[in-house]
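The values are calculated or read from the model by the stated rules, or taken from the named source; none is laboratory data. Since the structure is predicted, the reported quantities are computational estimates derived from the model, not experimental observations. Note: ideal-geometry Cβ built from the backbone for every residue, glycine included; neighbour counts use all protein chains shown.
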Amino acid sequence: MTHAATRIIRDEHQALAAMLSSVLLLLAQHRRDKSLPDFGALRAMLFYLDEFPEQRHHRKETELLFPKLRARTPLARELLDRLDEDHARGEARIRELEHRLLAFEMMGESRREAFEQAAAQYVDFYRSHMALEEREVLPLAERVLTPEDWADVDEAFEANRDPLTGCAPEAAYEQLFSRIVALVPAPLGLGPAR
């Protein structure tokens with residue numbers, strides 16, 4: 001049986017993967033065109049990556065799902081520790097990426113390469129992290145968590161309102177989501193034609 005939290009985590013991962021890919025596609029498009037990217041769009045996309053996964057998704061994994069798994073089985077403790085470390089480092093990584101974007105915006109072409117490399121490294125890090133969770137953690141959770149555990153985890157993840165997974169955004173985030181959709185070209189998968 002697949003639980004609501006498992007479905008939501010996978011949906012959120014898919015939305016995050018789309019956003020991460022869109023960042024790289026946007027950068028590649030502007031490199032090909034020999035133009036500067038829309039820095040406002042990139043700032044909005046990075047803010048989304050910080051705000052939703054770092055502040056909501058990861059917190060629920062670290063504070064609720066992973067402790068419940070640790071309580072039920074010793075099998076994945078090292079993996080869960082690694083994923084928790086990823087979560088802890090994720091905030092610093094996104095801050096570094098935001099700083100490199102600011103440097104690119106303020107200093108121009110001389111900072112493009114550093115930002116693009118940092119963005120590619122961040123995307124690789126994030127994709128690897130999500131793959132580990134989906135390949136190792138979620139199947140383990142499906143095997144060992146109790147119905148009571150799932151009730152708590154499902155309730156917490158059902159409270160997520162990530163608009164990129166098809167949920168209506170919270171009022172406070174509606175403007176951010178609308179801005180990203182308006183700024184990111186439709187061929188990248190997030191614009192008005194989606």
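Could you give every pair whose Cβ atoms fall below 8 Å, whose first residue belongs to region 117-135 and is over 16 Å from residue 84 (Cα atoms), and whose second residue is of a type in the set (Val, Ile, Thr) and assigned to a helix (DSSP H, G or I), counting only separations of at least 6 or pairs across chains?
Close Cβ pairs (under 8 Å, with a partner that is of a type in the set (Val, Ile, Thr) and assigned to a helix (DSSP H, G or I)) amount to 119/23; 122/94; 123/23.
Going by what's in this entry, would residue 145 be described as surrounded by 19 or more Cβ atoms within 10 Å (Cβ to Cβ), touching a residue at least 60 places away in the same chain (Cβ under 8 Å) and farther than 20 Å from residue 52 by Cα?
Criteria met by residue 145.
Among the numbered criteria (1) farther than 16 Å from residue 19 by Cβ; (2) modelled with pLDDT of 95 or more; (3) hydrophobic (A, V, I, L, M, F, W, C); (4) surrounded by 16 or more Cβ atoms within 10 Å (Cβ to Cβ), which one does residue 97 miss?
If we test residue 97 against (1) farther than 16 Å from residue 19 by Cβ; (2) modelled with pLDDT of 95 or more; (3) hydrophobic (A, V, I, L, M, F, W, C); (4) surrounded by 16 or more Cβ atoms within 10 Å (Cβ to Cβ), just (1) comes out false.
Considering every residue within region 58-68, establish whether at least one is part of a helix (DSSP H, G or I), at pLDDT below 95, surrounded by fewer than 16 Cβ atoms within 10 Å (Cβ to Cβ) and out of contact with any Phe, Trp or Tyr (no Cβ under 8 Å at 6 or more places or on another chain).
So far as region 58-68 goes, yes, one or more of its residues are part of a helix (DSSP H, G or I), at pLDDT below 95, surrounded by fewer than 16 Cβ atoms within 10 Å (Cβ to Cβ) and out of contact with any Phe, Trp or Tyr (no Cβ under 8 Å at 6 or more places or on another chain).
Taking the stated definitions as given, is residue 88 modelled with pLDDT of 95 or more, surrounded by fewer than 16 Cβ atoms within 10 Å (Cβ to Cβ), under 30 Å from residue 39 (Cα atoms) and hydrophobic (A, V, I, L, M, F, W, C)?
no
Would you check which residues across region 27-55 are under 21 Å from the mean Cα position of the chain (by Cα) and among the small types (Gly, Ala, Ser) and list them?
28, 40, 41, 44
Kindly list, by first and then second residue, each pair from a residue in region 12-34 that is in contact (Cβ under 8 Å) with a residue 12 or more places away in the chain to a residue that is surrounded by 21 or more Cβ atoms within 10 Å (Cβ to Cβ) and of a type in the set (D, E, K, R), limited to pairs with Cβ atoms under 7 Å and residues at least 6 apart or on different chains.
Matching pairs, first to second residue: 12/162; 15/162.
Residues 80, 102: which one is in a helix (DSSP H, G or I), in contact with a helix residue (DSSP H, G or I) (Cβ under 8 Å, 6 or more places away or on another chain) and not small (Gly, Ala, Ser)?
Only one candidate qualifies: 80.
Within the set of pairs 6 or more residues apart or between chains, which connect a residue that is closer than 21 Å to residue 119 by Cβ inside region 82-96 to a residue that is among the β-branched types (Val, Ile, Thr) with Cβ atoms less than 6 Å apart?
Qualifying pairs under 6 Å: 87/62.
Name the single residue, out of those in region 69-78 being of a type in the set (A, V, I, L, M, F, W, C) and at pLDDT 95 or above, that is farthest from residue 158 (Cα to Cα).
Residue satisfying both the conditions and the ranking: 71.
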